[in-house]
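Report on one structure; see the data block that follows.
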Amino acid sequence: MSYRVSVLQYQPQFLQPDANFQAIKELLLPVKSDLVVLPELALSGYVFCTQDEVAKIAEEIPSGSIFTQFLKLSRQLDLSIVYGFAEKAGDRYFNSCALVNPDGSYYIYRKIHLFYREKLFFSPGEQPFAVHPGKHGVKLGLMICFDWQFPESARSLGLLGAQIICHPSNLVLPWCQEAMKTRSLENRCFSITSNRTGTEINQEQKQYFTGMSQILGTKGEILIRMNDHEAAVYTVEIDPKLALDKAVTKLNSVYGDRRPELYSL
Ligand code: ACM
């Protein structure tokens with residue numbers, strides 16, 4: 001099966017979800033694709049200094065206005081969309097991403113491994129990694145940014161049958177894009193890492209984001225890698241069935257040869 005997958009990279013404006021949604025929509029309107037991955041916290045920016053800032057832009061699911069607009073856009077463009085956002089649930093906030101599908105179905109992942117100052121403002125996700133159907137039933141695994149540092153994240157998604165790992169990110173360290181080659185290779189699945197660009201300054205906090213969003217094949221090969229500053233959407237055609245083949249040689253399989261009884265986990 002031929003499946004068109006896309007990665008969106010841009011620089012959000014801090015605490016401007018409506019303007020950011022419009023910018024994302026303009027980038028997506030000309031795109032012909034089956035799946036697109038957007039950055040972590042794609043609507044709000046990242047460098048929070050107070051809980052009030054988070055509270056101002058966080059949304060509840062399914063009543064949130066941005067969420068409702070993404071569901072509509074997904075149906076309009078016949079496109080599965082994965083985007084990162086700040087989620088409010090009761091009196092807690094999560095660094096979450098949503099998968100919204102053209103048929104109206106949706107799934108939420110709450111980031112399990114919080115990075116640095118995120119711990120000041122968000123609660124860590126408590127639900128295990130999970131795989132969900134995107135358009136045409138392709139199995140999508142959701143993880144967010146710093147989850148890359150823990151091989152258990154991608155391994156869990158791979159073992160659950162993920163054909164494509166969708167990885168909204170706001171990367172600030174220099175290692176992830178290269179490390180994801182290994183995550184794809186060791187699990188033999190595609191991965192789409194969408195990163196933001198630019199430098200964000202809030203009070204005494206300043207953060208540079210590394211861009212270089214990418215789509216990787218099942219052997220860790222780079223299908224698309226962007227530069228560190230462009231705002232664009234790139235699309236490639238893949239065959240998601242390649243991710244069902246876990247063979248390394250005729251006698252080796254990345255999952256069949258595992259020896260979990262000998263591992264310390
Ligand atoms: C990160 O997890 N946003 C670095």
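The values are calculated or read from the model by the stated rules, or taken from the named source; none is laboratory data. Here the structure is a predicted model, which means the values were calculated and not measured. With ideal geometry, Cβ positions are generated from the backbone for all residues, glycine too; neighbour counts draw on all protein chains shown. Remember, those area values only see protein heavy atoms, side chains included, never the ligands or the DNA or RNA. Shrake-Rupley method; radii C 1.70, N 1.55, O 1.52, S 1.80 Å.
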Legend entry - Cα-projected label distance for Leu251 with Lys206, points at 7 Å along beta-carbon direction, nm: 5.8
Inset, instruction - Just grab the label-to-label distance for Thr182 and Asp78, each label 7 Å out from Cα along the Cβ direction, in nm (one decimal). - result: 4.1
Inset, instruction - Please work out the average accessible area per residue across region 112-265, using the 1.4 Å probe convention, and give it in Å². - result: 48
Inset, instruction - Can you figure out the FRET efficiency of Ala232 with Ile61, using R₀ = 41 Å and their beta-carbon distance, to the nearest 0.05? - result: 0.90
Inset, instruction - Measure out, as a whole number of angstrom, how far apart the alpha-carbon centroids of region 1-21 and region 215-232 sit. - result: 15
Inset, instruction - Return one number: the angle in degrees, 0 to 90 and rounded to the nearest 10, between the long axis of the Cα atoms of helix 176-187 and the longest principal axis of the Cα atoms of the chain. - result: 40
Legend entry - Degrees, to the nearest 10: 65-77 long Cα axis against longest axis of the chain: 50
Inset, instruction - Compute the acute angle (0 to 90°) between the alpha-carbon long axis of helix 17-28 and the principal axis of greatest extent of the alpha-carbon atoms of the chain; round to the nearest 10°. - result: 40
Inset, instruction - May I ask you to derive the FRET efficiency for Leu242 and Leu160 from their Cβ-Cβ distance with R0 = 30 Å, giving the value to the nearest 0.05? - result: 0.95
Inset, instruction - Please work out how much accessible surface Asp18 shows to a 1.4 Å probe, ignoring ligands, DNA and RNA, in Å² rounded to 10. - result: 100
Legend entry - Separation in nanometres of the label points that stand 7 Å from Cα toward Cβ, at Lys25 and Phe150: 3.6
Legend entry - Candidate lysines - alpha carbon under 23 Å from Lys181, same-chain residues fewer than 8 apart omitted: Lys111, Lys139, Lys219, Lys241, Lys246, Lys250
Inset, instruction - Can you send over the carbon and sulfur percentage of the accessible area for region 1-122, probe radius 1.4 Å, protein chains only? - result: 50
Inset, instruction - Could you list which residues have their amide H under 5 Å from that of Ser80, counting only those 5 or more apart in sequence or on another chain, with H placed in the peptide plane? - result: Leu35, Val36, Lys135
